[in-house]
1. Let me check the size of segment 11-119 from its C-alpha atoms; what are the radius of gyration and Dmax in Å?
2. Report ³J(HN,Hα) in whole Hz for each residue of segment 111-120, in order, from the Karplus equation J = 6.51 cos²θ - 1.76 cosθ + 1.60 where θ = phi - 60°; Gly and Pro get x.
3. Say the dipole of segment 21-115 comes from +1 at the beta carbon of Lys and Arg and -1 at that of Asp and Glu; which of 38, 113, 100 then lies farthest toward its positive end?
4. Per residue of segment 27-44, what does 6.51 cos²θ - 1.76 cosθ + 1.60 with θ = phi - 60° give for ³J(HN,Hα)? Whole Hz please, x for Gly and Pro, Karplus curve as stated.
5. How large is ³J(HN,Hα) for each residue in segment 73-86, as worked out from phi by the Karplus curve 6.51 cos²θ - 1.76 cosθ + 1.60 (θ = phi - 60°), to whole Hz, x for Gly and Pro?
6. Using the Cα centre as the reference, give the magnitude of the dipole from point charges on the C-beta atoms of segment 21-115 (Lys, Arg: +1; Asp, Glu: -1; all else neutral), rounded to the nearest 20 debye.
Amino acid sequence: MGENTGEVTLSLSARKQSVSMNDLLRYRAAQAGSQVGALAGKAVPFAQQAMPLAQTAGTTVRQGAGTAVSRTTPVVEAARSWAAPQLEQSAHAISETIAPMISNALITAAHKIEVPKQKPKSNRALVAGAMVLTAAAGAATAAAVRMRRNSGGTGAVTVTTEQVQVETEPPDPDMDGRSRIV
């Protein structure tokens, strides 16, 4: 029993001591800490070896990026110098051929769907009626003035009637200066 064989001797006659939750957590934290410490001790040499590699990798990436830019810049510029005239030529072709057709089609469509304009109502009848009324009023006024003059200022009005003779023969065609061919 005195040998250290990795076995634990437990007395059944001993009383169990109550273990609080805090004690249990402290015990487990201490075990985890010792394991982490052991692993950290092993990781430090690896991290020290990785530092120079990371520094050289950064330098290599920067140099590679510079090389890539210097190699691709002429190619990109050549592509741009070729594409610019192509785009301009295409723009002119479109504006000279397709654009007028599209414009005409849009104008035609606009005329087809446009609501027809209503013609303004003719005021000719109204103007003609106003002219007739004005002429009648003028004639009535002239007649009234003439009757007043003829009455001699007495206010009496004399109305004369004439008989109109109806001619049974047509008027002479030469009276108006036109000759009539029979």
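1. Gyration radius and largest Cα-Cα distance of segment 11-119: 39.8, 122 Å.
2. In residue order, the calculated couplings are 5, 5, 8, 5, 6, x, 6, 7, 6, x Hz.
3. About the Cα centre, the residue reaching furthest to the positive side is 38.
4. Residue by residue, segment 27-44 yields 4, 5, 5, 5, 5, 5, x, 5, 5, 5, x, 5, 5, 5, x, 6, 7, 4 Hz.
5. Coupling constants for segment 73-86: 4, x, 5, 5, 5, 5, 5, 5, 5, 6, 6, 4, x, 5 Hz.
6. Numbers: 7 positive and 5 negative charges, 148 e Å.
Using Cβ point charges on Lys, Arg, Asp and Glu, segment 21-115 gives about 720 debye.
Readers should treat all values here as calculations from the given coordinates under stated rules, not as data from a laboratory. Keep in mind the model is a prediction, meaning the values are calculated, not measured. Cβ: placed from backbone, ideal geometry, glycine included. Neighbour counts: every protein chain shown.
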